[in-house]
Amino acid sequence: MSKNYILVTGGAGFIGSNFVSLMADRSDLTIVNLDKLTYAGNLATVEQFAGNDRHIFVQGDIGDRQLIDSLLAKYHPQAIVNFAAETHVDRSIDGPASFIETNINGTFNLLECARQYWRQLGDDARAGFRFLHISTDEVFGSLTPDEPAFTELTPYTPNSPYSASKASSDHLVRSYFHTYGLPTLITNCSNNYGPYQFPEKLLPLTILNALAGKPLPIYGDGQNVRDWLYVEDHCRAIDLVLAKGVPGETYNVGGNAERNNLWLVNQLCAILDELLPTSPNCPHHKLIQFVTDRPGHDRRYAIDFTKLHTQLGWEPQENIDSGLRRTVQWYIDNQAWCDTVTADNYQQQRLGVAA
């Protein structure tokens with residue numbers, strides 16, 4: 001029986017690795033996992049797939065035309081799922097160049113390779129091929145407290161170099177469908193959390209700092225609101241869009257869990273108090289420390305995933321309480337992974353957190 005392949009880019013990162021984990025259990029599918037292994041993508045994350053003959057890891061850059069062409073020619077994937085991106089807002093403020101290079105130029109190169117590959121496929125393979133691009137709700141800008149949640153028709157108004165670079169990549173993907181007919185799909189997700197998230201992000205940073213008795217930094221007044229989506233729910237949505245989504249369409253993916261940062265950190269502290277009642281750091285909320293807000297910090301994001309629910313039947317399986325509890329327990333149980341990926345990491349250079 002011939003093998004079916006999909007090419008996953010950025011599959012050693014947070015969301016990408018969780019998606020690979022979901023897909024790698026399928027007996028009829030082999031994942032070609034391409035990752036550059038920058039700070040947020042690392043071999044410690046892909047070690048979970050060691051010994052799985054349905055997972056092929058390749059270290060490389062989506063901007064490398066020769067490499068992408070060779071992978072497409074060798075494996076003949078039926079889909080490309082693009083997670084590869086620079087994603088940290090603070091990093092984009094400090095150094096936007098890498099965001100332009102990866103998120104815009106890298107996506108362009110991947111699209112060009114996909115277009116040339118797709119054009120030479122046979123009729124059946126051409127009809128079944130998909131290019132799925134993973135994006136973010138940050139491309140839509142900021143909401144006031146009373147505004148309705150983002151829909152797929154919300155105008156793009158990005159407010160950071162990161163979100164601007166992702167907005168640009170979304171526009172490129174859309175143009176390749178309308179100009180060339182490449183069967184593209186786009187998903188725009190809310191804030192993800194869960195296992196294997198790099199510890200400079202709000203949730204893992206809070207958990208690990210609390211475990212170590214370090215300050216828990218919160219930007220500004222802590223009232224910035226995000227819609228929190230458990231990463232496994234997001235991955236199930238991506239799988240569904242890949243299988244049943246209509247080419248050329250965009251699908252919003254949200255967790256139906258709007259919470260402000262202060263609430264979230266306090267909730268994490270309460271879970272830690274419960275799970276580790278003998279910790280010398282209890283009550284953990286005493287470690288909270290407000291820090292100067294970052295430039296251009298969007299006040300509120302919220303996702304309306306009605307389209308994904310009504311057209312494809314998706315809804316999140318985890319609520320915010322169950323998802324946070326699973327996340328805290330994972331980081332307690334996997335501190336060795338955290339130590340490995342945070343050696344000489346970026347969070348040691350800054351006190352702020354991303355959300």
Give the span of segment 1-149's Cα atoms along each principal axis, as three whole-Å numbers ordered largest to smallest. 54, 35, 33
Among beta bridges that DSSP assigns inside the chain, antiparallel share in %, nearest 5: 10 percent
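Dipole magnitude of the chain about its Cα centre, charges +1 at Lys/Arg Cβ and -1 at Asp/Glu Cβ only, in debye to the nearest 20?
400 debye
With +1 assigned to the C-beta of every Lys and Arg and -1 to the C-beta of every Asp and Glu, and no other charges, what is the dipole magnitude of segment 187-235 about the Cα centre in debye, to the nearest 20? Show your work: numbers first, answer last.
On the way: 3 positive and 5 negative charges, 37 e Å.
The calculated dipole for segment 187-235 is roughly 180 debye.
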Once amide hydrogens are built 1.01 Å from N within the peptide plane, the residues lying 5 or more places from Trp228 or on another chain with amide H under 5 Å from its amide H are Gly255, Ala257, Glu258, Arg259
Semi-axes of the equivalent ellipsoid for segment 1-65, please: Cα gyration tensor eigenvalues, times 5, square-rooted, ordered largest first, whole Å. 19, 14, 9
Between the alpha carbon centres of segment 5-20 and segment 26-73 the gap in Å comes to 7 Å
Which entry is the computed Rg and Dmax of the Cα atoms in Å for this structure: (i) 21.9, 71; (ii) 19.8, 65; (iii) 22.0, 81? (ii)
HN-Hα J in Hz across segment 26-36 - Karplus 6.51, -1.76, 1.60, θ = phi - 60°, x for Gly and Pro: 7, 6, 9, 9, 10, 9, 9, 9, 9, 8, 6
Within the set Arg226, Arg26, Arg326, GNM on the chain using Cα springs under 10 Å gives the largest fluctuation to Arg26
Residues with amide H under 5 Å from that of Gly141, placed H, sequence gap 5 or more: Thr157, Asn159
Under the Karplus relation with 6.51, -1.76 and 1.60 and θ = phi - 60°, whole-Hz ³J(HN,Hα) for segment 296-305, x at Gly and Pro, equal x, 6, 4, 7, 8, 10, 7, 10, 9, 9
How far is helix 261-275 tilted off the main Cα axis of the chain, in degrees rounded to 10, range 0 to 90? 70 degrees
On Cα atoms only, tilt of 65-75 relative to the major axis of the chain in degrees: 70 degrees
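Over segment 121-190, what is the relative contact order in whole percent, taking alpha-carbon pairs under 8 Å and six or more residues apart?
Relative contact order comes out at 47 percent.
Would you work out if segment 210-302 is rounded, prolate or oblate? Take a ≥ b ≥ c from the square roots of the eigenvalues of the alpha-carbon gyration tensor; rounded if a/c is under 1.5, else prolate when a/b is larger than b/c, oblate otherwise.
Numbers: a/c = 3.57, a/b = 1.76, b/c = 2.02.
In terms of gyration-tensor shape, oblate.
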C-alpha long axis of helix 202-212 to longest principal axis of the chain, angle in °: 40 degrees
Based on alpha-carbon centroids, what's the gap between segment 245-297 and segment 161-192 in Å, whole number please? 27 Å
So if I place +1 on the C-beta of Lys and Arg and -1 on the C-beta of Asp and Glu, and nothing else carries charge, what would the dipole magnitude of segment 211-355 be about its Cα centre? I want it in debye, nearest 20. 280 debye
When the Karplus curve 6.51 cos²θ - 1.76 cosθ + 1.60 is applied with θ = phi - 60°, which whole-Hz ³J(HN,Hα) does each residue of segment 329-338 get, with x for Gly and Pro? 4, 4, 6, 5, 7, 10, 5, 5, 4, 4
Mean ellipticity per residue at 222 nm, deg cm²/dmol - from DSSP H runs of n ≥ 4 across the chain, formula -39500 (n - 2.57): -11500 deg cm²/dmol
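Within a Cβ distance under 15 Å of Thr250, other residues only, what is the Lys/Arg minus Asp/Glu net charge?
-1
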Taking the Cα centre of segment 55-116 as the origin and placing charges on Cβ (Lys, Arg +1; Asp, Glu -1), which of Gly95, Ser70, Leu111 is farthest toward the positive end of the dipole? Ser70
Let me know the shape class of segment 103-149, please: from the alpha-carbon gyration tensor, a ≥ b ≥ c as square roots of the eigenvalues, rounded when a/c is under 1.5, otherwise prolate if a/b is greater than b/c, or oblate. oblate
Given springs between every Cα pair under 10 Å in a Gaussian network model of the chain, which of Thr206, Thr154, Thr179 has the largest fluctuation? Thr179
Please state the relative contact order of the chain as a whole percent: Cα pairs under 8 Å, 6+ residues apart? 18 percent
Thr30 long-range amide H proximity, modeled H, under 5 Å: Asn4, Tyr5, Ile6
Is segment 86-176 best put as rounded, prolate or oblate by its Cα gyration tensor, with a ≥ b ≥ c the root eigenvalues, rounded for a/c under 1.5, and otherwise prolate when a/b is larger than b/c, oblate when not? oblate
Could you tell me the number of lysine pairs in segment 187-315 with C-alpha atoms less than 25 Å from each other, where the two lysines are 8 or more residues apart or belong to different chains? 4
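Every number in this text was worked out from the coordinates using simple rules, so none of it is lab data. What you see is a predicted model, and the numbers here were worked out from it, not measured in a lab. Using ideal geometry, Cβ is built from the backbone for each residue, glycine included, and neighbour counts are taken over all protein chains shown.
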